[in-house]
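Taking it in order: structure first as structure tokens, then the write-up.
The values are calculated or read from the model by the stated rules, or taken from the named source; none is laboratory data. It should be emphasised that the depicted structure is a prediction, and the values quoted were computed from it without experimental measurement. Methodologically, a virtual Cβ is constructed for each residue, glycine included, from the backbone with ideal geometry; neighbour enumeration extends over all protein chains shown.
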Amino acid sequence: MKHLIIVNGKAGKEKNLEEFKKSVEESFKGLPYEIYETTGPRSVISFLKEYLKKNNEEVRIYACGGDGTIHEVVNAIVGHDNVQLAVLAVGTGNDFVKIYSESKEYDDIVKNNSGAKRFQDFKALINGKVEEIDISKMTGNSMKEPWYSINVINFGFDAIVGAKGNENKLKGVKNPYGPRAIIPAIIGGRFNKIIVKADGEQLNKKRMLLASLSHGQWVGGQYHASPKSDNKDGLIDVVLLRCMSFIRLMVQYFGRYQHGEHLDNKKLLKRIVYRKAKVIDIIGKKDIDICVDGEIVRGKEFKVEVMPKAIKFVVPNNK
């Protein structure tokens, strides 16, 4: 088996690439391995597609970075049966790996919620157990090719904050996802004219606050948006919040939504729609922002379909 290490040197707080390379050298001693350093957004996708065209051997790819790095690797390896995905989570949010918190390798990330403080030992991943997990395939009227999601597709209020934050970041705004992203969403992002259908069933009338389509459970680094998701059940978890006042959102829903308590509260469920489905249609009255594992795409109509057991994922083994 080959071992290919994909590293995003800018992910998280640890930026010492030389220290990282020493860790790789020690961990993979005696094993065939290569290191690829990302050169910019989505650069790893084109690199991996070319790499996998030329390689027919079994390869374990280590995505070393945050959720963005994982997203890019997934979008390159879909359809390759000889590829396994391992994750060395050294990003900021590390949302995807939180569902594997029972693994000691990822436990500290879940507890301190601040990303890895140092480069972790690869041994747990080299010795890890492979399991097949589900992902989603998303197509849309504005998209040249499908995007694939291993964690969460979200839209509405929180995606508007994310899109505005990205815009602020490009402008060099300090704290780009702070008030200068949140206030515009409060003003114009609570009554979104978006229709959502799950396996043909229309879940809302004309408007909605926000929604998540999940295989993972966490989004935005700290929001346990879809606590009942299972990435091996062949279904997508749909959580849709209906429109509500900002006061109601903050007083009744925000804290419980953040801590994953919203789906077990009968009072809150009056304004929540929860379904498991195989196909979801998203129809906007005008162009909307869709956040796919943290990456934003804009368009009017989208279709999301489950792809059961599409990725061979390596669960760390510390024994």
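Step by step: first the residues of region 205-252, then only those that are among the small types (Gly, Ala, Ser) and not in a loop (DSSP other than H, G, I, E, B), then the one that is farthest from the chain's Cα centre (by Cα). Which residue is that?
Within region 205-252, the match that is farthest from the chain's Cα centre (by Cα) is 211.
Considering each of 298, 256, 275 in turn, give the residue that is in a helix (DSSP H, G or I) and outside the structural domain of residue 99 (by TED's automatic domain parsing).
One residue alone meets the criteria, 256.
Can you work out which of the residues in region 49-77 that are touching a residue at least 12 places away in the same chain (Cβ under 8 Å), acidic (Asp, Glu) and outside any loop (DSSP other than H, G, I, E, B) is farthest from residue 5 (Cα to Cα)?
67
Checking the structure you have, find out if any residue of region 244-261 is surrounded by 14 or more Cβ atoms within 10 Å (Cβ to Cβ), touching a strand residue (DSSP E or B) at 6+ places or on another chain (Cβ under 9 Å) and over 19 Å from residue 153 (Cα atoms).
yes
Would you mind finding the one in 74, 87 that is buried (at least 22 other Cβ atoms within 10 Å of the Cβ) and at pLDDT below 95?
Checking each option against the conditions leaves just 87.
Can you confirm whether region 209-231 contains a residue that is of a type in the set (Asp, Glu), over 21 Å from residue 268 (Cβ atoms) and modelled with pLDDT of 95 or more? Let's see the steps before the verdict.
Applying the first criterion (of a type in the set (Asp, Glu)) to region 209-231 yields 230.
So of that shortlist, the ones also over 21 Å from residue 268 (Cβ atoms) come out as 230.
From what's left, modelled with pLDDT of 95 or more: 230.
Scanning region 209-231, I find at least one residue that is of a type in the set (Asp, Glu), over 21 Å from residue 268 (Cβ atoms) and modelled with pLDDT of 95 or more, so the answer is yes.
Go through region 132-161 and give me each residue that's buried (at least 23 other Cβ atoms within 10 Å of the Cβ), within 18 Å of residue 300 (Cβ to Cβ), modelled with pLDDT of 95 or more and of a type in the set (Val, Ile, Thr).
Matches in region 132-161: 153 only.
I need a count of the residues in region 162-201 that are of a type in the set (A, V, I, L, M), surrounded by 14 or more Cβ atoms within 10 Å (Cβ to Cβ) and part of a helix (DSSP H, G or I).
5
Would you confirm, using the coordinates I've provided, whether residue 159 is touching a helix residue (DSSP H, G or I) at 6+ places or on another chain (Cβ under 7 Å), in a helix (DSSP H, G or I) and more than 16 Å from residue 278 (Cα to Cα)? Break it down stepwise before answering.
Details: touching a helix residue (DSSP H, G or I) at 6+ places or on another chain (Cβ under 7 Å): no; in a helix (DSSP H, G or I): yes; more than 16 Å from residue 278 (Cα to Cα): yes.
Taking the combined requirement at face value, the residue does not satisfy it.
Scan region 257-268 and report the pairs whose first residue is more than 14 Å from residue 221 (Cβ to Cβ) and whose second residue is charged (D, E, K, R) and part of a loop (DSSP other than H, G, I, E, B), with Cβ atoms within less than 7 Å and a gap of 6+ or a chain change.
Between residues of region 257-268 that are more than 14 Å from residue 221 (Cβ to Cβ) and residues that are charged (D, E, K, R) and part of a loop (DSSP other than H, G, I, E, B), the close pairs are 263/228.
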